[in-house]
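Beneath this line is the structure, given in structure tokens, with notes to follow.
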Amino acid sequence: MKALAVNGSPRKGGNTEILLRNVLDPLGQAGWETRLLQVGGGKIGGCIACYKCFENKDLRCAVTKDDCNDVLAEVWTADALIFGSPTYFTDVSAEMKALLDRLGLVSLANGGALQGKIGAAVVAVRRGGGTHVFDTINHMFLMSSMIVPGSSYWNLGFGLNKGDVLQDAEGLQNMRHLGRTIDWLGKAIKPHQADFPPTVASGEETSG
């Protein structure tokens with residue numbers, strides 16, 4: 001099984017990356033293949049609403065002049081996604097927002113390609129606003145029929161300067177617990193992945 005962590009912070013080796021690595025560590029110890037991708041500070045633009053993905057249906061974004069499709073290619077091979085972002089004015093970084101919008105739409109255009117995957121949000125925050133970042137990431141996961149596990153608290157780590165989250169013992173403990181929870185959940189659902197209920201097509205909804 002594979003877990004993919006995506007770092008939405010442009011600061012390599014910073015607090016967001018430290019938190020993500022603490023989630024990945026117990027997964028690696030449990031035998032998962034793990035990878036961390038750097039998105040923050042990279043070349044990834046926002047969705048232009050061309051809807052070509054609904055015509056092409058090739059699990060790719062039609063905009064090919066940036067790094068988005070390289071990230072998407074990794075996403076489709078993963079059983080669990082852990083998306084991390086710093087808190088920028090109470091929300092995710094620009095690169096993380098761009099990825100969320102484009103990935104979510106490509107998934108929708110391809111019959112719900114994310115459905116049944118595990119998704120977890122991780123947030124680095126100085127003081128306040130972190131739960132909104134947490135919600136922004138989880139909203140895309142939940143709207144894509146992904147399975148979002150909980151942990152011992154919101155998945156937040158507190159710190160401003162690079163490495164400050166290493167002093168947040170509760171935050172680090174939460175991250176490691178999240179990794180163990182993802183391991184447990186992944187192993188529990190893997191035998192039943194093919195039986196995941198498909199999303200209801202538009203027009204098929206019923207009212208009571």
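The values are calculated or read from the model by the stated rules, or taken from the named source; none is laboratory data. A quick note: this is a predicted structure, and the numbers were derived from the prediction, not measured. As a convention, Cβ positions derive from the backbone with ideal geometry for all residues, glycine included, and neighbour counts pool all protein chains shown. We work out accessible area using only protein heavy atoms, side chains counted, and drop any ligands, DNA or RNA first. Shrake-Rupley method; radii C 1.70, N 1.55, O 1.52, S 1.80 Å.
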Calculated from backbone phi, Karplus (6.51, -1.76, 1.60) coupling profile of region 7-21 in Hz, x at Gly/Pro: 8, x, 8, x, 8, 5, x, x, 5, 4, 5, 4, 5, 4, 5
Residue-by-residue Karplus 3J(HN,Hα) for region 56-65, coefficients 6.51, -1.76, 1.60, Hz, glycine and proline x: 6, 6, 10, 6, 10, 7, 5, 7, 10, 8
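Would you work out what percent of the accessible area of the chain, with all protein chains in place, is carbon or sulfur (probe 1.4 Å)? The partial results should precede the final answer.
On the way: 5440 of 10400 Å².
Carbon and sulfur: 52 percent of the exposed surface of the chain.
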Table column - 3J(HN,Hα) (Hz), region 75-86, Karplus curve with 6.51, -1.76, 1.60, x for Gly and Pro: 4, 5, 8, 9, 8, 9, 10, 10, 9, x, 8, x
Residue-normalised accessible area of region 1-132, given per residue in Å² at a 1.4 Å probe: 42
Radius, Kirkwood style, for region 77-171 when every pair of distinct Cα atoms is counted (Å): 13.8
Pair ASN161, LYS187: separation of 7 Å Cα→Cβ label points (nm): 4.1
Choice from ALA113, ALA194, ALA124 with maximal GNM fluctuation in the chain (Cα, 10 Å cutoff): ALA194
Answer label for Rg and Dmax of the Cα atoms in Å (calculated), chosen among [x] 17.5, 62; [y] 16.7, 53; [z] 16.6, 48: [y]
Set of lysines with alpha-carbon distance to LYS52 below 28 Å, sequence-local pairs under 8 removed: LYS43, LYS65, LYS97, LYS117
Within region 140-173, backbone nitrogen closer than 12 Å to the virtual label 7 Å beyond the Cα of ARG126 toward Cβ: 159-162
